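Colleague: Before I ask anything, let me first share the structure, which is written out below as structure tokens.
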Amino acid sequence: MTNPIVPLMPPSTMNAALDEELRGLEAAGLKRALRQVQQRRAGTVLVHGERLVDFASNDYLGLASDPRVARAAQAVLQAEGTGAAAARLISGNYPIHETLEHTLARLKGCAYTLLFPSGYMVNVGAIPALVGRGDVIYSDALNHASLIDGCRLSRATVRVFPHNDLEALAAMLAAERSAFRRALIVVEGVFSMDGDTCPLDRLVPLARRHQAWTYVDDAHGTGVLGATGAGSVEHFGVTGEVDVVVGTLGKALGTAGAYVGGSQELVELLVSRARSFIFTTGSPPALAAATLEALRIADVEPWRREAVRARGRRLRERLQAAGFAIAGPPDGHIVPVLVGDPVRTMAIVADLRRRGFLVGGVRPPTVPVGTSRLRISLSAVHPMEMVDALAATLVATLRKP
């Protein structure tokens with residue numbers, strides 16, 4: 001029997017339309033592409049066969065390539081296999097998941113924590129589980145995209161207040177808080193694109209005065225800030241006073257995943273209502289083992305926190321001495337260098353790569369239009385001479401017409 005002749009479908013208009021859109025993105029300097037990275041080692045990466053000093057990742061403590069972390073994962077990998085195989089509410093909940101949650105709760109000063117596969121999944125799951133129609137969210141203007149999306153998905157009324165402007169927030173709360181059932185204030189502990197911090201010691205009392213809940217995404221503070229590395233909550237002396245604390249494991253701790261911490265009631269509610277937790281496979285047990293080892297190392301090797309802050313301080317000093325204004329705290333581990341134009345930003349990124357440095361270029365919609373920038377991330381394992389070399393190269397490159 002011969003196959004029936006299938007008439008050719010008319011050419012779709014979809015590809016042509018998408019190609020036109022892609023050309024527009026490229027002309028505006030906003031088209032993105034994946035970069036293959038291999039062999040991450042002590043502050044460097046191999047990119048297409050070329051060894052570059054990595055100032056683009058969030059490996060703040062230098063743990064992503066630590067062999068002790070890898071060995072901890074390998075031991076559990078051999079015992080438990082490659083994955084959890086099911087959602088944690090079905091059959092994917094392992095004892096090591098709960099051990100990690102208890103360890104994180106002690107670090108963050110919370111009663112309980114709950115693991116999620118990623119920070120994005122925490123924010124798009126937890127925020128809609130806590131507030132909805134009839135409630136109000138007050139969101140900092142520079143909050144991460146995952147927080148913005150979580151706020152939108154909640155269907156609560158969303159009010160955006162100017163970045164770190166607690167006076168403006170106080171006025172908004174005074175004017176309209178009574179019109180809503182619940183109020184949730186959403187901020188970052190360390191803002192991911194600017195490197196500055198939210199003054200939590202002032203935010204928490206303000207929220208209490210207006211019976212508002214506080215939600216702090218501390219993805220970039222955990223492991224770096226605070227006397228024990230517990231993050232911005234510890235740094236500002238409000239441990240145990242923030243209602244919802246979020247953190248990720250894929251930055252300073254060098255693994256992957258995230259958690260949300262707070263009261264027992266909070267965690268119990270999220271287990272029952274956070275869709276991004278309920279309807280997803282649990283993270284691999286081996287990943288929990290790796291994270292536990294990373295937490296142990298971070299605890300017994302405080303020099304890592306001191307080293308990353310020293311490198312942030314050194315880079316800022318070099319750039320400021322050359323006449324560049326750099327936002328953020330003096331020893332901040334995220335150093336934004338404002339360029340403005342996205343096309344020029346990516347040209348500088350390419351020039352730095354040719355000179356041996358991998359630096360992130362950040363453009364809209366990640367940052368507001370007109371604020372494209374270099375986002376430089378410091379690591380405890382960057383040799384100080386490499387920080388000085390980057391500073392000198394940056395100054396020479398930025399001064400080009």
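The values are calculated or read from the model by the stated rules, or taken from the named source; none is laboratory data. Small disclaimer: the values here were computed from a predicted structure and weren't measured. Virtual Cβ from ideal backbone geometry, glycine too; neighbours counted across all protein chains shown. Surface areas here come from the heavy atoms of the whole protein model, side chains and all, with no ligands, DNA or RNA. Shrake-Rupley method; radii C 1.70, N 1.55, O 1.52, S 1.80 Å.
Colleague: Every residue in the range 228-259 that is open to solvent by 10 Å² or more (accessible area, probe 1.4 Å), free of Cβ contacts under 8 Å to residues at least 60 places away in the same chain and under 29 Å from residue 281 (Cα atoms), please.
Modeller: The answer is 242, 243.
Colleague: Only one residue in 225, 173, 206 is over 26 Å from residue 55 (Cβ atoms) and crowded, with 18+ Cβ neighbours inside 10 Å, so which one is that?
Modeller: That would be 173, the only listed residue that is over 26 Å from residue 55 (Cβ atoms) and crowded, with 18+ Cβ neighbours inside 10 Å.
Colleague: Output the number of residues of the range 70-82 satisfying the condition of being open to solvent by less than 30 Å² (accessible area, probe 1.4 Å) and in a loop (DSSP other than H, G, I, E, B).
Modeller: Of the residues in that region, 1 qualify.
Colleague: Does the range 188-205 hold any residues that are among the acidic types (Asp, Glu) and at pLDDT 95 or above, and which are they?
Modeller: 188, 196, 201
Colleague: Could we say that residue 276 is more than 30 Å from residue 28 (Cβ to Cβ), of a type in the set (Ser, Thr, Tyr) and more than 20 Å from the chain's Cα centre (by Cα) here?
Modeller: Answer is no for this residue.
Colleague: Would you say residue 192 is among the polar types (S, T, N, Q) and either on the phi > 0 side of the Ramachandran plot or not in a loop (DSSP other than H, G, I, E, B) (or both)?
Modeller: No.
Colleague: Which one of the conditions (1) in contact with a Ser or Thr (Cβ under 8 Å, 6 or more places away or on another chain); (2) within 12 Å of residue 212 (Cα to Cα); (3) crowded, with 20+ Cβ neighbours inside 10 Å; (4) not small (Gly, Ala, Ser) does residue 180 fail to meet, given that it meets all the rest?
Modeller: (3)
Colleague: Ok, one more. List the pairs whose first member sits in the range 140-157 and is at negative phi and hydrophobic (A, V, I, L, M, F, W, C), whose second member is assigned to a helix (DSSP H, G or I) and surrounded by 22 or more Cβ atoms within 10 Å (Cβ to Cβ), and whose Cβ atoms are under 8 Å apart, counting only residues at least 6 apart or on separate chains?
Modeller: Partner pairs satisfying both residue conditions: 147/123; 147/127; 151/127; 153/124; 153/127.
Colleague: Yes or no: the range 302-321 includes at least one residue that is among the aromatic types (Phe, Trp, Tyr) and within 30 Å of residue 388 (Cα to Cα).
Modeller: Yes - at least one qualifying residue is present in the range 302-321.
Colleague: Of all residues in the range 48-69 being part of a strand (DSSP E or B) and acidic (Asp, Glu), which is surrounded by the most Cβ atoms within 10 Å (Cβ to Cβ)?
Modeller: Of everything passing the filter in the range 48-69, 54 is surrounded by the most Cβ atoms within 10 Å (Cβ to Cβ).
Colleague: How many of the residues making up the range 101-118 are crowded, with 24+ Cβ neighbours inside 10 Å and either in a loop (DSSP other than H, G, I, E, B) or in contact with a Ser or Thr (Cβ under 6 Å, 6 or more places away or on another chain) (or both)?
Modeller: Qualifying residue count, the range 101-118: 2.
Colleague: Within the range 16-34, work out how many residues are assigned to a helix (DSSP H, G or I) and either under 14 Å from residue 343 (Cα atoms) or open to solvent by 90 Å² or more (accessible area, probe 1.4 Å) (or both). First the steps, then the outcome.
Modeller: Pass one, the range 16-34, residues assigned to a helix (DSSP H, G or I): 16-27.
The next check asks that each one be either under 14 Å from residue 343 (Cα atoms) or open to solvent by 90 Å² or more (accessible area, probe 1.4 Å) (or both); those that pass are 20-21, 23-27.
Residues in the range 16-34 being assigned to a helix (DSSP H, G or I) and either under 14 Å from residue 343 (Cα atoms) or open to solvent by 90 Å² or more (accessible area, probe 1.4 Å) (or both): 7 in total.
Colleague: Residues being farther than 29 Å from residue 73 by Cα and small (Gly, Ala, Ser): count how many of those fall in the range 205-254.
Modeller: Counting residues in the range 205-254 that are farther than 29 Å from residue 73 by Cα and small (Gly, Ala, Ser) gives 4.
Colleague: Among the residues of the range 134-168, what is the count of those that are open to solvent by 50 Å² or more (accessible area, probe 1.4 Å), of a type outside the set (D, E, K, R) and within 17 Å of residue 180 (Cβ to Cβ)?
Modeller: Number satisfying all stated conditions: 2.
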